[in-house]
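Below: one structure, written as structure tokens.
What follows is calculated from the coordinates using simple rules that are stated; it is not laboratory data. This structure is a prediction, so every number in the text was calculated from the model and none was measured. Glycine also receives a Cβ, built like all others from the backbone with ideal geometry; neighbour counts cover every protein chain displayed.
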Amino acid sequence: MRNQFRGRKENPNYSKEKLLSELRKIQLSGSREKLSYLGLEKLTGIPRRNWKKVSEYIDNINKGFDIEVTNFKCDLALPSIDEVFELYYGKNKQKLMEIFNDYNIYLNQMWEYYSRYDEVSDEYKKKIEKKELEKKNSEEEINNLKAQVDYYKRIYEEQCLNSTVKRKREEENIKSNCIYISKGDKSKLSMDFKKEFEKFLTEK
């Protein structure tokens, strides 16, 4: 077939309808090979330069060949193929080819959205993991601060209690009793811890 056109100075022009009709035949044949201008010339005998007129259709057909879907279900209601054939087949083949090309474009777009699901899902998973890690770190920091508060509170209480025992005061170098009872004080109990440890509390 390739030799049929070799050496010709001029190639006949083919209408878009004719080219689309040939493309439809190739699609109906069940061929899974990607289409190229050279390949189409070999298959149909139509010179390769003519196929540039329908390059968009060829690209969409090739994209359709890239789609491999396993157990994919779609609840979208697509137009009835029978109705399309009844309306256009034999009356306006070009219109029919355009409709099928639109189908192909639509399905390719749907496949693109479907194929990006994992990408988008992974992106949000990473964001969630990041937030969970930040939350975990914040909780650890809060727990550490609580532990410090509890530690110093315990030290404070121990020092106050130690101040009530003379021997302990001498060991801990506490000047006087930090806890004393006041008759006029309704609470009956006061702590003068700040006064006794003023040096440490005001020291910079």
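Odds and ends about this structure:
- Extended-chain gain in nm, criterion 0.36 nm per residue less alpha-carbon gap, Val165 and Tyr151: 2.9 nm
- Along the range 101-118 the Karplus relation, 6.51 cos²θ - 1.76 cosθ + 1.60 evaluated at θ = phi - 60°, assigns HN-Hα couplings of 5, 4, 4, 4, 4, 4, 5, 5, 5, 4, 5, 4, 4, 5, 5, 7, 4, 4 Hz to successive residues, with x for each Gly and Pro.
- Cβ crowding within 10 Å averaged over residues, with 98-111, 129-142 ranked highest first: 98-111, 129-142
- Entries of Lys16/Lys63; Lys131/Lys153; Lys25/Lys53; Lys25/Lys95; Lys146/Lys166; Lys63/Lys126 with Cα pairs more than 24 Å apart: Lys131/Lys153; Lys146/Lys166; Lys63/Lys126
- Sites Asp122 and Lys52 - FRET efficiency at Förster radius 35 Å, r taken between beta-carbons, to 0.05: 0.30
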